[in-house]
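Notes follow the structure.
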Amino acid sequence: MTRGMYVRRRLLLMLPTAFGVTLVTFFMIHLIPGDPAVTMLGIRATPKAVALLRREWGLNRPLYEQYWLFLSRIVRGNFGTSLFYGSSATGLILRASLVTLELIVYAVVLSVVIAVPLAVLAATHRNRIADQAVRAIPLVGMGMPSAWIAIMLILLLGLKNHVFPVAGLQAGFIGHLDSMFLPSLTLSLGIAPLLIRSLRSSLIDAFEADFVTTARSKGIGEYRVLIRHAIRNSLASSLNILGLQIAFLISGTLVVESVFALPGVGALMVNSIFRRDFPVVQGITFILALAVILTNLGTDIIHSMLDPRVRFE
Amino acid sequence: MTDGGSSGGAGRQYAVSRRDFLKTLAAGGAAIGGVSGFGTLLTSSVAGASAAKRGGNLTFARAADPETIDPSAAIDTESIWTVLCLYDCLYDVTASGHSEIPWLATGYELSSDQLTWTFHLRSGVKFSDGRPMDSTDVRFTLERALKGPNAYILSAVNAIDTPNASTVVLHTSHPWGPLAGDMSMYSNAILPNELRGMKDAEFFNHPIGTGPFIMESWTKGQQMLLKRNPHYWQEGKPYLDSVTFLTIPDDNTRLVELKGGDVDIMEAPPYSSVAALQSTPGIVVDLFKSSAVSSFGMSEKKPQFQDLHVRRAISYAVDRESIIKDVLFGHGTPAASFFSPSWPYYYADTPKLWYDPEKAKKEIALSKYPNGFSTTFAVSAGDELNGTIAQIVQANLKVIGIDVAIQSYDPSTLSSLVAAGNYDMSPAIGTLDISDPDENVPAAVGEAYGGIYDAYTFYNNPELLKLVHQSENTIAPAQRAKIYNEIQTLTAEACPFVMLYYSPFPYAEQTTVEGFDIPPTGAYHLEKVWLSL
């Protein structure tokens with residue numbers, strides 16, 4: 001089949017998968033102990049007040065009815081009303097998702113900017129000092145907890161030298177780039193090492209492949225060999241790894257968001273679970289499930305664009 | 001108390017003129033007297049303002065986002081303290097925490113049958129939309145508050161009359177000592193009549209109040225912007241043009257923001273950082289006397305804790321000094337009474353069932369469980385402070401043969417379990433928001449279902465119940481004091497919960513912040529704050 005047909009089929013399959021995820025989440029969050037009405041009203045509220053609030057929130061209806069209501073709202077793009085803030089859950093979730101999305105995109109860009117040159121450096125100077133350094137140093141980023149990296153960056157670049165803002169999200173495009181730099185860097189230092197290693201080893205394999213030998217024997221300059229032939233053929237497996245890491249990042253930005261006080265989806269999700277803010281938890285799960293599926297699809301598509309040998313069935 | 005010239009950092013000197021000095025003396029003398037008139041308020045505010053500068057934005061970093069700015073619905077501290085920036089109550093709590101001062105009301109009379117309270121409203125008070133405040137607003141607010149989660153504070157009121165625009169009459173079904181104090185409760189902060197015809201959601205997007213600040217915007221989970229209320233009833237105040245509340249949950253990030261100068265005041269510096277902060281130039285640490293009381297409850301739904309000797313043994317076994325050293329880094333004092341010293345009617349001679357391993361062993365030998373038993377201590381997941389307390393208690397109780405397993409629950413599950421009494425021991429912290437202990441006493445030892453703040457013990461003592469009702473139905477302070485002394489003594493001896501310590505409200509700020517001085521209720525009173533840059 002063509003790429004177009006493949007993409008259409010994948011997009012269609014995306015919806016039932018996302019709904020499957022929300023079904024599991026819905027029942028899990030409703031069946032664990034903890035009543036949002038009691039949490040909201042505090043322990044001095046009368047049982048009557050609690051019952052009234054549960055009725056207002058529709059929590060006294062049978063679970064399957066509540067799930068049906070949730071589904072019927074979602075297809076219209078409505079996540080309901082947050083039990084805690086009393087405002088539209090859709091608005092809350094979208095605002096938070098945009099922050100996290102920015103964070104992830106920025107982190108991916110930074111990690112590619114860090115990984116590609118370093119991997120090329122290592123592969124072209126194989127087993128020499130540059131290679132050893134590039135293989136050893138990024139392991140620090142992989143091994144250290146992101147909270148520690150975050151605080152180190154804050155102390156070094158935020159506090160001591162005032163190069164970047166320490167926390168919070170500043171308004172405006174430049175404000176965003178500025179205040180999101182340190183958090184995105186923290187995330188990218190976590191994912192770059194794996195990318196560097198995988199790209200380096202694919203490059204080394206490519207350098208030894210027949211097509212590179214052919215290119216060199218045709219007299220093509222080393223630089224063109226590198227860019228047009230070696231890198232293009234090495235990106236595929238690293239791209240898969242990047243895709244997987246993005247999928248992990250999507251639900252893993254909580255620590256960085258906490259330390260840098262960014263109002264993203266991680267913090268919103270955890271707080272909503274603690275408060276049993278059902279509509280928000282359900283909405284976020286749905287969005288995250290969609291995001292992960294789309295990321296996988298995107299990775300496959302880009303892979304097929306890079307490598308014409310890929311066939312769809 | 002907030003005396004004018006000396007509330008700044010070390011070494012600050014003000015040129016205090018003789019006139020200002022005399023005013024400060026007058027303010028001091030009158031405030032000690034407790035409930036007093038109009039004059040005191042004006043005098044003390046002028047005395048404090050001798051060097052104040054107008055202008056500037058105060059950046060205030062807090063650990064959590066408020067849940068609501070609807071006074072009747074607020075129950076978490078961030079919401080409560082934010083509410084008090086936007087709206088005012090009829091009475092405010094003094095700096096000592098022991099009495100109320102007139103705020104939007106100027107005074108009251110009590111009828112001879114002690115059932116009718118006639119409150120007089122201050123004239124010239126305007127809402128932030130310029131319209132004057134009058135008795136219809138007060139009546140609307142109280143009737144609305146009777147429908148929310150804080151309705152219990154008005155349970156004695158059975159009718160509200162407004163004979164004229166500046167008078168509100170409250171009728172109680174029986175004599176009710178705490179009523180003036182109840183009027184200082186944040187949930188009774190005055191809203192405009194009928195919310196100016198708006199629905200709740202619309203009104204609270206751009207609320208209208210008589211408080212020193214108006215909410216300009218609220219980006220939930222992130223920050224809230226307040227701007228100065230030009231119609232504020234206290235002449236010349238607030239000094240600040242605006243306030244930005246930032247929500248920064250991570251303790252370290254808040255600390256770094258303060259050190260980096262990006263934030264003027266930070267809430268709750270971790271106790272472990274206090275010593276280092278105190279020696280940081282440019283930063284001042286305030287450990288304000290608070291109304292906070294920490295303890296842990298023991299559920300009497302479990303047979304072991306129904307035994308008086310078991311409870312007393314546990315209290316004698318717990319090493320409070322050790323807890324204060326490890327958890328508060330020394331910034332706290334051991335508690336005997338379930339009243340904090342900053343609550344009115346605190347009884348300093350409350351019996352102390354403090355660390356005494358010999359007495360603990362004697363008590364457990366007298367109980368039905370002389371060889372101890374196994375039990376659990378439930379804490380909220382991620383709560384480091386109470387986790388540490390749990391570990392110390394675990395070690396302490398081993399000595400008398402009680403084996404404690406520490407269990408971690410997520411906050412919502414824990415509060416459900418505690419509310420139902422399905423726990424063994426669980427920590428509790430309580431604060432007082434008004435100038436009368438009645439906000440907390442009934443929930444602690446009064447009602448049949450017992451409970452302390454947020455740890456229900458289900459302790460049921462009919463004698464205590466009777467005393468609690470008496471404390472509410474008595475008006476004369478001297479008599480109420482006697483009753484409360486007895487309540488505190490009996491409670492300490494019966495030991496339904498183990499009292500741990502009294503802790504402060506810690507804040508850290510830049511030295512450029514002046515006038516930040518909060519009473520034990522924790523209300524910020526940002527109308528007194530100014531920036532000295």
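The values are calculated or read from the model by the stated rules, or taken from the named source; none is laboratory data. This is a predicted model, so every value here is computed, not measured. Every residue, glycine among them, receives a Cβ derived from its backbone with ideal geometry; neighbour counts consider all protein chains shown.
Taking the criterion of being touching a helix residue (DSSP H, G or I) at 6+ places or on another chain (Cβ under 6 Å), closer than 30 Å to A:ALA167 by Cβ and among the β-branched types (Val, Ile, Thr), no residue of region B:183-237 qualifies.
Screening A:GLY243 against (1) farther than 25 Å from A:LEU169 by Cβ; (2) in contact with a Lys or Arg (Cβ under 9 Å, 6 or more places away or on another chain) leaves a single unmet condition, (2).
Residue-wise test of (1) under 24 Å from A:PHE286 (Cα atoms); (2) outside any loop (DSSP other than H, G, I, E, B); (3) out of contact with any strand residue (DSSP E or B) (no Cβ under 7 Å at 6 or more places or on another chain).
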site: A:ALA37; (1), (2), (3): yes, yes, yes
site: A:VAL50; (1), (2), (3): no, yes, yes
site: A:GLY58; (1), (2), (3): yes, no, yes
site: A:ARG73; (1), (2), (3): yes, yes, yes
site: A:GLY77; (1), (2), (3): yes, no, yes
site: A:LEU83; (1), (2), (3): yes, no, yes
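Has region A:258-275 got any residue that is surrounded by 24 or more Cβ atoms within 10 Å (Cβ to Cβ), of a type in the set (D, E, K, R) and in contact (Cβ under 8 Å) with a residue 12 or more places away in the chain? Among the residues of region A:258-275, not one is surrounded by 24 or more Cβ atoms within 10 Å (Cβ to Cβ), of a type in the set (D, E, K, R) and in contact (Cβ under 8 Å) with a residue 12 or more places away in the chain, which makes the answer no.
Here A:LEU110 fulfils each of the conditions (1) on the phi > 0 side of the Ramachandran plot; (2) assigned to a helix (DSSP H, G or I) apart from (1).
Which of the residues that make up region B:215-251 are within 12 Å of chain A (Cβ to nearest Cβ), of a type in the set (A, V, I, L, M) and not in a strand (DSSP E or B)? If the condition is that a residue be within 12 Å of chain A (Cβ to nearest Cβ), of a type in the set (A, V, I, L, M) and not in a strand (DSSP E or B), then B:ILE248 is the only one that fits.
Scanning region A:82-116 for residues that are within 14 Å of chain B (Cβ to nearest Cβ), surrounded by fewer than 19 Cβ atoms within 10 Å (Cβ to Cβ) and touching a helix residue (DSSP H, G or I) at 6+ places or on another chain (Cβ under 7 Å) gives a single hit, A:GLY86.
Matching residues to (1) surrounded by 20 or more Cβ atoms within 10 Å (Cβ to Cβ); (2) in a loop (DSSP other than H, G, I, E, B); (3) without any contact (Cβ under 8 Å) to a residue 12 or more places away in the chain:
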| residue | (1), (2), (3) |
| --- | --- |
| A:ARG200 | yes, no, no |
| A:VAL212 | no, no, no |
| A:ARG216 | no, no, yes |
| A:ILE227 | no, no, yes |
| A:SER238 | yes, no, no |
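Flag set for B:ALA151, criterion: on the phi < 0 side of the Ramachandran plot and within 13 Å of another protein chain (Cβ to nearest Cβ).
Each residue in region A:60-71 was checked for being assigned to a loop (DSSP other than H, G, I, E, B) and either on the phi > 0 side of the Ramachandran plot or of a type in the set (S, T, N, Q) (or both), and 1 of them qualify.
Residues of region B:360-416 that are of a type in the set (A, V, I, L, M, F, W, C) and touching a Pro at 6+ places or on another chain (Cβ under 7 Å): B:ILE364, B:VAL379, B:ILE389, B:VAL399.
Consider region A:251-287 and keep the residues that are hydroxyl-bearing (Ser, Thr, Tyr) and more than 10 Å from every other protein chain (Cβ to nearest Cβ). The one that is nearest to A:ARG54 (Cα to Cα) is A:SER272. Within region B:386-421, the set of residues being closer than 29 Å to A:ARG276 by Cα, touching a helix residue (DSSP H, G or I) at 6+ places or on another chain (Cβ under 7 Å), more than 9 Å from chain A (Cβ to nearest Cβ) and among the polar types (S, T, N, Q) comprises just one member, B:THR388.
Give me a count of the residues in region A:207-229 that are in contact with a His (Cβ under 7 Å, 6 or more places away or on another chain) and small (Gly, Ala, Ser). Residues that pass the stated criteria total 1. Note on region B:422-453: residues that are at pLDDT below 85 and away from chain A (no Cβ under 13 Å) total 2. Condition first: hydroxyl-bearing (Ser, Thr, Tyr), touching a residue at least 60 places away in the same chain (Cβ under 8 Å) and closer than 30 Å to B:GLU257 by Cα. Can you find one or more residues in region A:121-144 that meet it? Scanning region A:121-144 turns up no residue that is hydroxyl-bearing (Ser, Thr, Tyr), touching a residue at least 60 places away in the same chain (Cβ under 8 Å) and closer than 30 Å to B:GLU257 by Cα. Of the residues making up region B:71-97, those that are in a loop (DSSP other than H, G, I, E, B) and either away from chain A (no Cβ under 12 Å) or at pLDDT 95 or above (or both) are B:TYR87, B:ASP88, B:CYS89, B:LEU90, B:THR94, B:ALA95, B:SER96, B:GLY97.
Of all the residues in region B:328-341, those that are within 18 Å of B:ILE483 (Cβ to Cβ) and outside any loop (DSSP other than H, G, I, E, B) number 0. On the stretch given as region B:269-305, residues that are of a type in the set (A, V, I, L, M), touching a strand residue (DSSP E or B) at 6+ places or on another chain (Cβ under 7 Å) and more than 30 Å from B:ASN422 (Cβ to Cβ) total 6.
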